[in-house]
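Structure, as structure tokens:
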Amino acid sequence: MARARTATRTRLGVERLDDRITPATLPAGFTETAVAAGLSNATAMEVAPNGDLWVLEQGGGVKRFRPGSTAADLVGNLSVVGLRSEGERGVLGIAFDPNYATNKWVYIYYTSSDAPNPHNRVSRFTVSDANPADYSFVDTTANPALLDETVILDLDPLSGATNHNGGAIHFGPDGKLYVAVGDNAAGANAQSLANRHGKVLRINADGTIPADNPTAFAGIAGTTTGANRAIWAVGLRNPYTFAFRPGTSEMFINDVGQGTWEEVNRGGAGLNYGWPTTEGAFNSTTYPSFSQPVYAYSHGSGTFQGYAITGGAFYNPATSQFPAQYQGDYFFADYVNSWINVLDTATGTVERFASSAPATVDLRVAADGSLLYLARGSNQVFRVSYTASSAPAVTQQPANATATQGSNATFTVAASGTAPLTYQWQKLVGSTWTNLVNGTDYSGATTATLTVLGAAAGDAGQYRAVVSNSAGAATSTAATLTVTANRPPAASIALPAGLTNGKFVAGQTVTFAGTATDPEDGTLGAAAYTWKVEYLSSTATGTPAVRPFVPEFGGATGGTFTPATSGPYTLTDVAYRVTLTVRDSAGLTTTTSTDVLPNVATVTLASAPAGLTLTLDGQPYTAPTTFQSVVGFERPIGAAATQTVGGTTYTFQGWSDGGAATHTIVTPAAATTYKATYAAAALFSTRINFQLAGAPVPAGYLADTGAVFGNRGNGYSYGWNANNASTARDRNAANSPDQRYDTLIHLQKPENPNAVWELAVPNGTYRVRLVAGDPSHTDSVYRTTAEGVLAVSGTPTAAQRWFDNTVTVTVTDGRLTLANGAGAQNNKLAFVEVTQVGGLPAGLVGEYRFNENAGTATADGSVSANGGTLVGSAVWVGGRPGAGSAVSFDGTGRVDLGADLNQWLGASGTVAFWLRTTQVGNNTMWLAPGVLGVESAGNGNDVFWGWLDASGRIGVQAGDVAGAKGAAPINDGQWHHVALTRDHVTGRVGVYVDGTLSGSATSGTGVKTTPFRSIGRIDDTGGSPTGFAGAVDDLLVFNRVLTADEIRGLA
């Protein structure tokens, strides 16, 4: 039989089973009295226009309390209309129609079970009040299951999460109905205009949408349509309550926070409160679209801390009874820490108003200026009044008690009145009430709680308390102590099913069972049992927050509960407390409880490349980040579609678990990493030939035939400021080096004397190569600008007919512009090549910047995260100018990588790096030094990336078929950019030096499978690797053959 890991606690009691409630601690001059009692899981309240108090119960009850009576009139039970009340669902909000006096309409927000999914709803009911003592909802069919109901608003379907429903509804001063809706435990909803979760809505009383609702919201693209036109404000997590300042349109919204902050926000049309991006106060410069909270308090147990903001009310009554200092202030409550604080809205200062207000969920200011608070923890409503200096009044009478001989018994009284209050307990001896004193028989004789120590037969009798202050005294009713030889029962709790390793898993049902025996009654039956289950959070603090989970129930020797799979508290210091109270036939009780702890697992969110931003529970984190989570608990994770880091834009490719960009994971039992893979966005690159329509188009180029700017249907948009087709020429001249130089377009012909050509590009930096010339004529002065920068300039002669130049320019308006430069005459263009710089091409699988400059570890910034270690004599040195550090090799050291490079470089790929060396290599390739690759002894299953020959030329080769080498030595001790390409299908290999193709050939084909994992040498399966001597910086590996333009962008 499985048992919980935490020790069981047992309490022997002589008190009645009802909760004992001590009065709230209030400022001097304030008193409280109970005005409603006998509630069950109360959620909200409202004062009716006639002064009656209406209270909602989560399970469906709608109760009315008339002034002067704490007894309830059940107006209706919404369980008959298809109610869902699990978790935080249920009957949650109430509002009276502005014309209630004549139409008798009341509006209620509740969770409906109607298909296709459970969803929250606002419905209108009509009140029958013919009998002043017995109101009811109109039911014209006289069938409770067909209670008259007018549906005003059906909200979006709910997920499996039962929390974050919001639920408050109020009519505003404009006569519109405002509805607070939670995010359904999915933070992304709050920033989406595609649903109404995480919002405040504004509708007409009949459910239609006001025409003046906002359609655009700060920080969110797009506008609202259809049912979502009801959205009035966005960016909220769980706006459980809100309030309007009477007589004004000023609204405060109480938004329950997640792990750190609780917020009071000022309501406003079109505002965005920032959830899930922000919680609490934030940097407005960073998030200019979001609205700061009016007030926020952190989580904890301090005076100005709490865990769940609930009720709120402005103190602006028509009749004010509180001192003037409270006029215009805002009262708000914390459910978990059971306090009510007050915010001075003029100064922003906050003070404690009431403590020990058990699990307050709602606040109202009554017409007489008193403050009402709904205490879910005691299922009562209390009225707080100001009486200045007042005599005591007993607010809770001591209860009868039964004690076993030798055990202790206690009596507690509660009273209001001007402090300080003094207490004196008395016992009726004969016919005389006798003051008690502390000693061996009693303790607390002059406090609110009296303890009878080791009760004996002579202690039986009647006890009362006299409460006094400077204004008078009040005497409680008498309570009777019965002392019996009867002994209390014994109880124990077992957890026979549902635990894993003695601990709970979220979503996995736990079974609990009890046994109870009594010395006099023997084995106790189910009628003697009362159970409850509570949820504990912040247990690590030693003073955990305790929330009801399974409401108290009796008549069963056991039961089940299913730990929540989602909720506002995401840390792991949580538990479920199962409590059993058993009562014997003499009324003696014993209470025992056991805490069930969670199974916890480690979860890591990683990105490839590392350092990108991911979200957890809607909050941003820099990857990798590791956190603990309760096994089975749902955690939303997210990855943005694109991110730009260090000038490189990355595009989301997928999560390692196959989930969508934003999806919810269920915490697994074992440590797990979820990796979001990104790829560097491909650089913009194109080559365009200016030519006559119908002329041959050079290989690798697009044709421009003089058309006006537009989409050319080839993936690019480009063209001229006016039709320039008549100025295109195809010379067919024998002296043209190739087709690119044989064609041209004029920029200064009469048809278009100041021709301008544009190409649509993403904003950024570009390398632009321009060639101007004419094989047949020299009557020109070529001067052409790119983005205002003079790109090509020259006067042709018979000896030099073309001018070729490359410039780097920046585009900020989405179009690269070529135009006539000053002094141009008969200007012409032959072709243009445009390559974006500052980013990385797609297909990056290895990124070794070598900028660590300390230690032995070096990172791989690509999707592969295949970091390495400097081994042997490999050391850090200064890198190429402006690029940090590099790694220097002396022929014996290397960088050893964590995984095989052959998985990418055994097939088609590109290696690009900066190199500085004076090393002399070997013309026998398998004996030569090189940057990386492998010699597979005895067969051709090898590949050589960056080997050096005896003259200092660098090459690339696959297998035993000769490859390509650069045209000139590079061992001059200067930094050179090298790029090596291989197509394993065709066998084509290429060597680029400083951005220009320097050699190409056809080498071995097919995938080479011999593994290698070193940078700084050619590995050798025969055991004789050949090391490189020199420095290497910024080595990049791509799993495809880059284009010449892309390579130029890297150099």
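The values are calculated or read from the model by the stated rules, or taken from the named source; none is laboratory data. No experiment lies behind these values; they were computed from the predicted model shown. When we count neighbours, we look across all protein chains shown, and the Cβ atoms used for this are built from the backbone with ideal geometry, even at glycine.
Filtering region 904-937 to residues that are among the β-branched types (Val, Ile, Thr) and under 44 Å from the mean Cα position of the chain (by Cα) leaves THR910, VAL911. Of the residues making up region 131-150, one or more are hydroxyl-bearing (Ser, Thr, Tyr), in contact with a Lys or Arg (Cβ under 7 Å, 6 or more places away or on another chain) and surrounded by fewer than 15 Cβ atoms within 10 Å (Cβ to Cβ). For the criterion of being among the acidic types (Asp, Glu) and crowded, with 19+ Cβ neighbours inside 10 Å, GLU86 fails.
Per-residue answers, yes or no, for (1) in contact (Cβ under 8 Å) with a residue 12 or more places away in the chain; (2) in a strand (DSSP E or B); (3) within 16 Å of GLY659 (Cα to Cα):
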| site | (1), (2), (3) |
| --- | --- |
| VAL603 | yes, yes, yes |
| ALA606 | yes, yes, yes |
| ALA610 | yes, no, no |
| PRO620 | yes, yes, no |
| GLN628 | yes, yes, no |
| PRO636 | yes, yes, yes |
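Would you say THR434 is exposed (fewer than 15 other Cβ atoms within 10 Å of the Cβ) and modelled with pLDDT of 95 or more? Criteria met by THR434. Within region 296-327, if we keep just the residues that are among the aliphatic types (A, V, I, L, M) and part of a loop (DSSP other than H, G, I, E, B), the residue that is surrounded by the most Cβ atoms within 10 Å (Cβ to Cβ) turns out to be ALA308.
Give PRO116, PRO67, PRO157, PRO49 a once-over and let me know the one that is in contact with a His (Cβ under 6 Å, 6 or more places away or on another chain), surrounded by fewer than 16 Cβ atoms within 10 Å (Cβ to Cβ) and on the phi < 0 side of the Ramachandran plot. When all the criteria are applied, what remains is PRO157.
Say whether the condition of being of a type in the set (Ser, Thr, Tyr), at pLDDT below 95 and not assigned by TED's automatic domain parsing to the domain that holds PHE411 is met by at least one residue in region 526-536. Yes, the conditions are met somewhere in region 526-536. Put simply, of LEU870, LEU829, LEU818 the only residue that is modelled with pLDDT of 95 or more, more than 30 Å from SER776 (Cβ to Cβ) and surrounded by 20 or more Cβ atoms within 10 Å (Cβ to Cβ) is LEU870. For region 509-544, the set of residues classified as outside any strand (DSSP E or B) and within 25 Å of the chain's Cα centre (by Cα) consists of SER538, THR539, ALA540, THR541, PRO544, listed by residue number.
Which one is surrounded by the most Cβ atoms within 10 Å (Cβ to Cβ), of the residues in region 464-508 that are over 17 Å from THR449 (Cβ atoms) and of a type in the set (Lys, Arg)? Among them, the one singled out is LYS503.
Residues that are over 21 Å from GLY198 (Cα atoms) and in contact with a strand residue (DSSP E or B) (Cβ under 7 Å, 6 or more places away or on another chain) within region 117-129 comprise ARG124, PHE125, THR126, VAL127, SER128, listed in sequence order. Across region 711-720, the number of residues qualifying as part of a loop (DSSP other than H, G, I, E, B) and modelled with pLDDT of 95 or more comes to 0. Does region 541-549 contain at least one residue that is crowded, with 19+ Cβ neighbours inside 10 Å, among the polar types (S, T, N, Q), farther than 20 Å from GLU86 by Cβ and at pLDDT below 95? No: region 541-549 contains no residue that is crowded, with 19+ Cβ neighbours inside 10 Å, among the polar types (S, T, N, Q), farther than 20 Å from GLU86 by Cβ and at pLDDT below 95. Among residues of region 1038-1051 that are under 12 Å from LEU997 (Cβ atoms), those with a Cβ under 9 angstrom from a residue that is outside any strand (DSSP E or B) and at pLDDT 85 or above, sequence gap 6+ or separate chain, pair up as ALA1044/GLY995; ILE1047/GLY995; ARG1048/GLY995; ALA1051/ASP994; ALA1051/GLY995. When we screen TYR716, TYR741 for residues that are farther than 19 Å from VAL792 by Cβ and aromatic (Phe, Trp, Tyr), the only hit is TYR716. Can you confirm whether LEU605 is under 20 Å from GLY187 (Cα atoms) and touching a Pro at 6+ places or on another chain (Cβ under 8 Å)? Considered against the rule, which asks whether it is under 20 Å from GLY187 (Cα atoms) and touching a Pro at 6+ places or on another chain (Cβ under 8 Å), LEU605 comes out as yes. Note on region 721-787: enclosed strands (runs of 3 or more DSSP E) holding 1 or more residues that are surrounded by 15 or more Cβ atoms within 10 Å (Cβ to Cβ), of a type in the set (S, T, N, Q) and over 55 Å from the mean Cα position of the chain (by Cα) are 743-746. Inside region 638-672, can you point out the residues that are in a strand (DSSP E or B), within 20 Å of SER566 (Cα to Cα) and touching a Ser or Thr at 6+ places or on another chain (Cβ under 6 Å)? Correct list: GLY638 only. With the condition kept exactly as written, say whether any residue in region 548-560 is closer than 30 Å to THR360 by Cβ, outside any strand (DSSP E or B) and without any contact (Cβ under 8 Å) to a residue 24 or more places away in the chain. No, region 548-560 contains no residue that is closer than 30 Å to THR360 by Cβ, outside any strand (DSSP E or B) and without any contact (Cβ under 8 Å) to a residue 24 or more places away in the chain.
Restricting attention to region 545-594, the residues being over 28 Å from the mean Cα position of the chain (by Cα) and over 21 Å from ALA308 (Cβ atoms) number 25. Quick one: is THR677 under 26 Å from GLY843 (Cβ atoms), in contact (Cβ under 8 Å) with a residue 24 or more places away in the chain and among the polar types (S, T, N, Q)? So THR677 passes the test. Somewhere in region 892-899, is a residue modelled with pLDDT of 95 or more and closer than 21 Å to LEU1050 by Cβ? Yes, the conditions are met somewhere in region 892-899. Taking region 418-501 as the region of interest, the strands (runs of 3 or more DSSP E) fully inside it that hold 1 or more residues being among the charged types (D, E, K, R) are 422-429, 461-469. Candidates are the residues of region 280-313 that are of a type in the set (A, V, I, L, M, F, W, C) and touching a residue at least 60 places away in the same chain (Cβ under 8 Å); the one that is nearest to ILE220 (Cα to Cα) is PHE290.
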